[in-house]
Every structure is written in structure tokens, then in C-alpha cells.
Amino acid sequence: MYMKYLKKSIYLFAILSGVLLFTGCGRQGCTSSDGINFDPEAKNDDGTCIFPSDVFAGVYAYNDTIVRRYNNFPDSVNTLYKSDTFILYLLENKLVSWKQYTECNDTIKCSVTATNLDIETGYNCNGLWDNFTMVRSGNSLVYNYRIGVGGLTTDEIRGVATKQP
């Protein structure tokens with residue numbers, strides 16, 4: 001009788017172990033291919049996914065160099081320097097909203113990858129943005145763009161913004 005009970009116990013243990021092995025176990029990690037830390041071998045999402053927009057979102061202090069060219073006077077050039085802050089708000093996994101404190105309180109929708117930010121709406125109250133590039137390096141954003149201001153001037157803007165704690 002003891003042997004019969006032992007065989008049943010071993011058989012039941014083997015079945016339960018197999019079920020746990022194939023269903024309850026598996027590598028934990030980020031299972032979303034949109035995540036910067038996507039793990040293709042992960043079977044169970046553990047909630048640790050970091051999306052590009054998570055990395056970009058935050059408050060930034062920036063320093064701009066603005067080269068202003070007057071369209072009617074091609075030889076007339078001014079160089080301006082500006083420091084201020086802007087905020088990148090989280091919208092979705094790949095989208096942020098850029099809020100800059102200017103006279104028109106710009107809000108610009110941007111798509112992001114792990115290292116780049118691209119403007120989806122290329123117009124703000126000051127004019128049309130052109131040749132926009134923004135690249136993330138650690139906690140800094142390096143950017144370059146042009147903006148035509150009311151047909152009178154063209155500003156070439158270069159700057160670096162640092163994410164604030």
C-alpha cells in the first residue's frame with residue numbers, strides 16, 4: 001500500500017512540476033518592442049519597459065545661439081543668445097509635447113525614438129520651422145533648426161538643453 005501511495009505522489013509531483021515549468025516560469029522583462037529596454041527573450045512583462053518618451057519627458061534648461069538674417073537686407077546679420085526653460089510632456093510611448101515659454105506659449109507635438117526627437121507639427125506662432133534636428137546624449141539635447149519669422153527674418157538656432165532633476 002505504501003508503494004502505491006508513493007508512486008501516485010511521485011506521478012502527481014511530476015505533473016505539477018511540468019505544469020509550473022511550462023506555464024508559471026519564464027524570463028521576466030520588457031515585452032514591448034517599442035521599449036528602449038525591449039527583451040525579445042522575455043516571456044512575461046514585468047512592467048519595467050522604458051519608452052523613448054519617458055526618457056525625453058522633463059524640464060530642460062537651454063542655451064540658444066540665434067543667428068538672425070533679415071530677408072530684405074542679406075548682409076545684415078545679428079547674433080543673439082537666449083537662455084530659458086522648456087518642458088517636454090509625456091503623451092504616449094513615442095510622443096511628447098514640447099511646451100516652450102515664449103510670447104505665444106508654443107505647444108508642439110513631437111515624435112521620439114531612443115535618441116532623436118522630430119517635430120510633427122512644424123509651425124508655431126512665430127513661423128514655420130525648417131531643418132529641425134534634436135539628438136539626445138545622456139541628459140542633454142543638442143538641436144539645430146531654422147524658423148522663418150513673418151517673412152521678414154530667418155533665424156538659425158543652435159542650442160543645448162540639459163534635463164533638470
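The values are calculated or read from the model by the stated rules, or taken from the named source; none is laboratory data. Because the structure is predicted, anything quoted here is derived from the model rather than measured. FYI the Cβ positions are ideal-geometry reconstructions off the backbone, even for glycines, and counts take in every protein chain you see.
Could you run through the stretch 93-113 and say how many residues are at pLDDT 80 or above and either in the same structural domain as G35 (by TED's automatic domain parsing) or not in a strand (DSSP E or B) (or both)? Lay out the reasoning, then the answer.
Here is the first cut: in the stretch 93-113, the ones at pLDDT 80 or above are 111-113.
When the remaining residues are screened for being either in the same structural domain as G35 (by TED's automatic domain parsing) or not in a strand (DSSP E or B) (or both), the result is 113.
Qualifying residue count, the stretch 93-113: 1.
Suppose we keep only residues that are crowded, with 16+ Cβ neighbours inside 10 Å and not aliphatic (A, V, I, L, M) within the stretch 39-55. Which one would you say is farthest from T79 (Cα to Cα)?
Of everything passing the filter in the stretch 39-55, D39 is farthest from T79 (Cα to Cα).
If you go through the stretch 56-70 one residue at a time, do you hit one that is free of Cβ contacts under 8 Å to residues at least 12 places away in the same chain and either outside any strand (DSSP E or B) or loosely packed, with under 13 Cβ neighbours inside 10 Å (or both)?
Within the stretch 56-70, none of the residues are free of Cβ contacts under 8 Å to residues at least 12 places away in the same chain and either outside any strand (DSSP E or B) or loosely packed, with under 13 Cβ neighbours inside 10 Å (or both).
So in the stretch 133-155, with the set limited to residues that are outside any strand (DSSP E or B) and of a type outside the set (G, A, S), which one is farthest from the chain's Cα centre (by Cα)?
Filtering the stretch 133-155 down to residues outside any strand (DSSP E or B) leaves 138-139, 150-152.
Restricting the remaining residues to those that are of a type outside the set (G, A, S) gives 139, 152.
On the way: N139: 12, L152: 34 Å.
Checking each candidate, the answer is L152.
Might you check whether a residue that is at pLDDT below 90, of a type in the set (S, T, N, Q), under 22 Å from S111 (Cα atoms) and touching a Leu at 6+ places or on another chain (Cβ under 8 Å) occurs anywhere in the stretch 57-76?
No, the conditions are met nowhere in the stretch 57-76.
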